[in-house]
């Protein structure tokens, strides 16, 4: 082991967001259902095992591996959303319903559509898509199908978070912008600036996603999260910096999207605690805009999400 870096060094994301969940979580409040549409999950991970609804989860990848995560991606996303033991996620009081659609870094649109249909049928509150939509490769028929699903989700007060992608390219206005329950998410670094890789343009919000700069190498920008305990991909790096098995550092708009899902889960839970009903899409959209810090760049439509300059009770007061 070369150096041992304390885990809190890689938890700057929570300081940036300042989600005030501690008091709410202590109340054993409303538990939002989150559909994790991804590469699966380490369903035995000590950070996640108690949060997964195994019965309602499903494998759409067709490889007979159940919902077991063979890449680490889905487990990393889940850790950012709701870890609470060794590390902290955004909001630990969630129920994860896992829909596995892939075993690698690609996925079939058919699997994605089937998973969204299943998530809507399961009456989740949030659908987390820490995967980018191939806007330039989707035909109109596919777009129409997805838009109908987004409309159905909107009518049922289901919110959808989508990763903007990691190619550092400008995204033009697209069909996701029509829906106030669908959020395209870009990433920021430790300084609150757009991450070097993050797509930008017609995306809704920027949220911490970390960075990994090749020119000026630094361990200041990655974010710590969970990783499958049975995979060895991160072993060498973990040994070098002193991170235990079952955890890793990472970055990406997938990580940023998971943070946005955690923020929304907290807001849904806090709103239900106060008003005894589920937030509606137009209501949540108004809150998220109030939480955003719009800069003068062209990186996003509404800027960076954070509770830094907001008091939660003031957010609810006289807003609707």
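Please treat every number below as a calculation from the coordinates, not as lab data. Everything numeric here is computed off the predicted structure, so don't read it as measured data. Virtual Cβ from ideal backbone geometry, glycine too; neighbours counted across all protein chains shown.
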Taking the alpha-carbon centre of each part, the distance from the range 100-170 to the range 28-94 in Å is 18 Å
By DSSP, what percent of the beta bridges with both residues in the chain are antiparallel, rounded to the nearest 5?
20 percent
Please compute the modelled spin-label separation between residue 310 and residue 106, points set 7 Å along Cα→Cβ, answer in nm with one decimal.
3.9 nm
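Among 136, 66, 56, rank each residue by its count of other Cβ atoms within 10 Å, from fewest to most, as a rough exposure measure.
Details: 136 9, 66 14, 56 18.
With the fewest neighbours first, 136, 66, 56 line up as 136, 66, 56.
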Sticking with the crude label model, points 7 Å out along Cα→Cβ, report the distance from residue 147 to residue 44 in nm, one decimal please.
4.6 nm
Prolate/oblate/rounded label for the range 19-143 (Cα gyration tensor, a/c 1.5):
prolate
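Determine the relative contact order of the chain: mean sequence separation of Cα pairs under 8 Å and six or more apart, normalised by residue count, in whole percent.
So the answer I get is 23 percent.
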Ordered by fewest other Cβ atoms within 10 Å, a rough proxy for footprinting exposure, 76, 234, 16 read 234, 16, 76
Would you work out if the range 108-207 is rounded, prolate or oblate? Take a ≥ b ≥ c from the square roots of the eigenvalues of the alpha-carbon gyration tensor; rounded if a/c is under 1.5, else prolate when a/b is larger than b/c, oblate otherwise.
prolate
Residue 170 versus residue 278: modelled label distance in nm, points set 7 Å from Cα along the beta carbon direction
3.8 nm
Which residue, 218, 196, 286, tops the fluctuation ranking in a GNM of the chain built on C-alpha contacts under 10 Å?
218
Sort 29, 248 so the one with the fewest other Cβ atoms within 10 Å of its own Cβ comes first.
29, 248
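Classify the range 219-289 as rounded, prolate or oblate from the Cα gyration tensor: take a ≥ b ≥ c as the square roots of its eigenvalues, call it rounded if a/c is under 1.5, otherwise prolate when a/b beats b/c and oblate if not.
Because a/c hits 1.5 or more and a/b exceeds b/c, the range 219-289 counts as prolate.
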If I build a Gaussian network model for the chain, linking alpha-carbon pairs within less than 10 angstrom, which residue out of 201, 246, 210 has the largest mean-square fluctuation?
201
Computed [θ] at 222 nm, helices only, for the chain once each DSSP H run of length n ≥ 4 contributes -39500 (n - 2.57):
-9000 deg cm²/dmol
GNM result for the chain, Cα springs below 10 Å: residue of 259, 302, 232 fluctuating most strongly:
232
